[in-house]
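K.L.:
Pasting a structure below so you can have a look.
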Amino acid sequence: MSDRARAAWARTTVHVWPGQYLFASLPAERMADAAALAAAAPAGTFAALVRERDEVALTLPEASRARLAALGARVDGPYRVLTFDATLPLDLVGFLAPAARRLAEAGVSFVPQCGFRTDHLLVRADDLEPARRELDALVRECAADG
């Protein structure tokens, strides 16, 4: 791990969003519907929307299940959302790599999602505690090295 990545991890707090979430897919032509669903997510909850070539991917609170079903979305979950609370420079190389390695070794799959200043992971709801344990240990180890 680079010194810059280690320093970033040392100042990171892992935030777990309240509640459970769904990861969903709609056809790309349903972008307006997807945007409306994301915009309707309650304050204090996580929501993400990614428009791809052939689909729109959404992460929404589990309470959105009926609205997603009404639109014919493919839905998977429940997930929990973890956010790395640290402003990450956009040119930072290798930040996610040590987390990916540790989670893989612990048998935890994840779906990465990135914002402009922070990174987020979706983990299966049943994997929240092992994921949290591994990520908190990573932060502690990097802080101790600092």
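Only the coordinates and a few stated rules stand behind these numbers; no lab work does. Keep in mind it's a predicted model, so treat the numbers as computed, not measured. As a convention, Cβ positions derive from the backbone with ideal geometry for all residues, glycine included, and neighbour counts pool all protein chains shown.
K.L.:
Which GluC sites (Glu not before Pro) does the stretch 44-146 hold that lie in a coil by DSSP with at most 16 other beta carbons within 10 Å?
P.N.:
Those satisfying the criteria are Glu52.
K.L.:
Now, a different point. At most 15 other Cβ atoms within 10 Å and a DSSP loop assignment: could you name the chymotrypsin sites (Phe, Trp or Tyr not before Pro) in the stretch 1-79 that fit?
P.N.:
Of the chymotrypsin sites (Phe, Trp or Tyr not before Pro), not one in the loops of the stretch 1-79 has a Cβ with at most 15 other Cβ atoms within 10 Å.
K.L.:
How large is the Kirkwood hydrodynamic radius of the chain, counting all unique pairs of alpha carbons, in Å?
P.N.:
So the Kirkwood estimate lands at 16.0 Å.
K.L.:
Hey, could you pull the Cα Rg and Dmax for the stretch 69-140, both in Å?
P.N.:
Using the Cα atoms of the stretch 69-140, the pair Rg, Dmax is 13.5, 44 Å.
K.L.:
Can you tell me the dipole magnitude for the chain around its Cα centre, using point charges on the Cβ only (Lys, Arg +1; Asp, Glu -1), in Debye to the nearest 20?
P.N.:
That gives the chain a dipole magnitude of about 160 debye.
K.L.:
Within the chain, what is the longest stretch that has no trypsin sites (Lys or Arg not before Pro) placed in a DSSP loop and near at most 12 other beta-carbon atoms within 10 Å?
P.N.:
With trypsin sites (Lys or Arg not before Pro) excluded where exposed in loops, the chain gives 54-116 as its longest stretch.
K.L.:
Over what distance in Å are the Cα centres of the stretch 67-130 and the stretch 12-32 separated?
P.N.:
A separation of 10 Å, based on Cα centres.
K.L.:
By how many degrees, 0 to 90 and rounded to 10, does the Cα axis of helix 128-145 deviate from the longest principal axis of the chain?
P.N.:
Here the helix axis deviates by roughly 30 degrees.
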